[in-house]
Structures are given as C-alpha cells and as structure tokens.
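Everything on this sheet refers to the single structure shown next.
Taken together, the values in this text are just the output of simple stated rules run on the coordinates, not laboratory data. Everything numeric here is computed off the predicted structure, so don't read it as measured data. Reconstructed Cβ throughout: ideal geometry from the backbone, glycine too, with neighbour counts over all protein chains shown.
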Amino acid sequence: MAACRMKVLVIHGPNLNLLGMREPEVYGKTTLDDINNSLTGRANELGLELSIAQTNHEGVMVDTIQQAQDNFDCIVINPAAFTHYSIAVRDALAAVNVPAIEVHLSNIYQREEFRHRSVTAPVTVGQIAGFGASSYLLALEAAHYLIGAHKR
Ligand code: DQA
C-alpha cells in the first residue's frame with residue numbers, strides 16, 4: 001500500500017485572483033495560476049498532497065477553514081484584506097485542529113498603518129511576508145518542516 005501523503009491546504013483571500021494585473025508595483029507580475037503551479041511542483045517534490053482554494057468572500061473562507069478540520073495536516077493562508085479585521089477568520093483558524101502559516105506577498109509592516117496589524121497571525125504558527133510570490137514557496141517549506149516536526 002502507498003504511504004499516506006501529508007496534506008496541505010492553501011487558501012488565497014480576496015483580490016488575489018487578480019494577481020499579475022493588480023497593483024504590480026506592490027504585488028509583482030506573477031499570476032495566481034503561476035503561484036499555484038509552482039506550489040504544486042514543489043509539493044510534488046516534497047511528497048505533499050496539495051489542495052488550493054481562492055475566495056473573495058469572508059464566509060466562504062470561514063467554511064473552507066472549518067472543513068480543513070481532520071482533513072489536512074497544515075493550512076497555508078493569505079487572508080489578504082481579512083488579515084487586518086476579520087475576527088471570524090481568526091476564530092475559524094483558532095477553532096480547528098490544523099496548524100496554519102500566514103503568508104503575504106508584500107511586507108505589510110512597511111505599508112500603510114492599517115496593514116501593520118494582523119488579527120489572524122496570533123493564531124497561526126508563524127507569518128512569512130515580503131518575499132513576493134516566493135512567500136508562498138517559503139510557507140510551503142515551513143509547512144513541510146512543521147509536519148515533519150510533529151511526526152518526530
Ligand atoms: C496581502 C497584503 C494585504 O494587506 C492586502 O489586503 C492583500 C494582499 C499580501 O499578500 O501582501 O490583499 O495579503
């Protein structure tokens with residue numbers, strides 16, 4: 001029987017479907033499809049099973065996080081604008097038994113003051129911000145490390 005592969009869920013928040021054309025001076029020219037393709041390639045190399053979701057809706061993000069309960073080993077999430085004010089997304093992350101890693105393409109601490117606060121980061125294992133599209137790949141490495149660490 002094949003060994004059970006560890007499962008990672010990637011969740012992209014609002015407006016990230018527009019990456020590539022959305023404020024390229026801030027977020028770069030890489031599209032969401034490009035990011036998802038590199039994540040899928042790296043997940044295969046690492047032996048991880050990857051699922052990817054994108055939503056512009058807060059309730060859908062809450063539902064997606066809730067459904068991860070018992071079904072995934074790690075969540076990699078860019079809550080986008082919800083990062084800064086969604087207590088519902090924060091509570092969902094705190095409610096499930098799945099460790100999460102928060103990702104941002106931009107360094108939110110170098111930007112407008114309202115972006116300096118993340119209400120979600122305190123209920124995640126850690127945050128990776130400021131490396132453009134590579135933030136996601138770094139988060140996937142962190143997920144791989146985390147899952148390995150839990151197994152030890
Ligand atoms: C973002 C940063 C957020 O402040 C912003 O609302 C986004 C994208 C990032 O990846 O840099 O939509 O999460």
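Where residues in the range 95-110 are without any contact (Cβ under 8 Å) to a residue 60 or more places away in the chain and surrounded by fewer than 21 Cβ atoms within 10 Å (Cβ to Cβ), which of them is farthest from residue 76 (Cα to Cα)?
110
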Next item on the list: Among the residues of the range 55-102, write down those that are touching a Leu at 6+ places or on another chain (Cβ under 8 Å) and either closer than 18 Å to residue 15 by Cβ or of a type in the set (Val, Ile, Thr) (or both).
Entry: 64, 65, 75, 76, 77, 78, 80, 98, 101
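For the range 57-152, please list each of the helices (runs of 4 or more DSSP H) lying entirely inside it that holds at least 1 residues being more than 16 Å from the ligand (Cβ to nearest atom), within 25 Å of residue 47 (Cα to Cα) and not hydrophobic (A, V, I, L, M, F, W, C).
On the way: elements: 58-68, 87-95, 134-151.
Per the criteria, 58-68, 134-151.
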Next item on the list: Would you be able to tell me the number of residues in the range 24-56 that are assigned to a helix (DSSP H, G or I) and either in contact with a helix residue (DSSP H, G or I) (Cβ under 8 Å, 6 or more places away or on another chain) or among the aromatic types (Phe, Trp, Tyr) (or both)?
Entry: 8
